[in-house]
Amino acid sequence: MMTKIVIIDDHQLFREGVKRILEFEETFKVVAEGDDGTEATELVEQHQPDVVLMDINMPNINGIEATKELADKFPDTKIMILSIHDDENYVTHALKTGAIGYMLKEMDSNELIDAVKIVAAGGSYLHPKVTKNLVKDYRRLASDEDNSTGYVQPEIRRPLHLLTRRECEVLQLLADGCSNRTIGDELFISEKTVKNHVSNILQKLNVNDRTQAVVQAIKNGWVEVR
């Protein structure tokens, strides 16, 4: 099935670059573009896209406000933020208002295509650097709570009852905020092999995406935050 996409960004050259990348994928079709959050509702209503790629910093109505409006009016449309900001405040605000994906504009083309596929299928996707920042923030909050109650965090225990040793290594690198390419370089394996390991991890942990896998790993004390 064809995935229909709308791009909302006030930089025309960036929009054109993203459109070219996306249309290398035969199942993607960019059906409309806009340069302001005020256009988002009209374009979504007119074209009924599956996915909206939304910038944050735009004149008039910014991406966060536009995302909230779209999420309220078109709950079946998946919204993914494309931003230069990796601060967790931006990320959490975007997710709270209805986005189910958050990518940084420093991504490469393969990451963008993979992210759109996941979001279009109903999953969520966070850029690896964003995931790392959120993980650190989560552990900081957990540590503050532990200190207030006198609780001592147990040592890291790898989930060898669920995953292979190699999958545990991949899970740790996911928590470190590494992309598939970086994981492959670190472990001296191909990017395709990394994708297979990630797929196996998601299946074994019964989660839909990398972010959920990392959150589950942190809660269970399976990974370090480095």
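Here are some notes:
- Some residue of the range 105-112 being within 22 Å of M2 (Cβ to Cβ), at pLDDT below 90, crowded, with 17+ Cβ neighbours inside 10 Å and charged (D, E, K, R): yes
- Considering V51, V31, the condition of being farther than 18 Å from A99 by Cβ and of a type in the set (A, V, I, L, M) is satisfied by V31 alone.
- Restricting attention to the range 174-206, the residues that are among the hydroxyl-bearing types (S, T, Y) and under 24 Å from N133 (Cα atoms) add up to 3.
- Some residue of the range 41-64 being surrounded by fewer than 20 Cβ atoms within 10 Å (Cβ to Cβ), closer than 24 Å to L134 by Cβ, of a type outside the set (V, I, T) and in contact with a helix residue (DSSP H, G or I) (Cβ under 8 Å, 6 or more places away or on another chain): yes
- Residue ranges of strands (runs of 3 or more DSSP E) in the range 1-56 with at least 2 members under 18 Å from A71 (Cβ atoms) and either in contact (Cβ under 8 Å) with a residue 60 or more places away in the chain or of a type in the set (F, W, Y) (or both): 51-55
The values are calculated or read from the model by the stated rules, or taken from the named source; none is laboratory data. Just so it is clear, the model here is predicted, and its values are computed rather than measured. Neighbour counts are summed over all protein chains in view; Cβ atoms, including those assigned to glycine, are modelled from backbone coordinates with ideal geometry.
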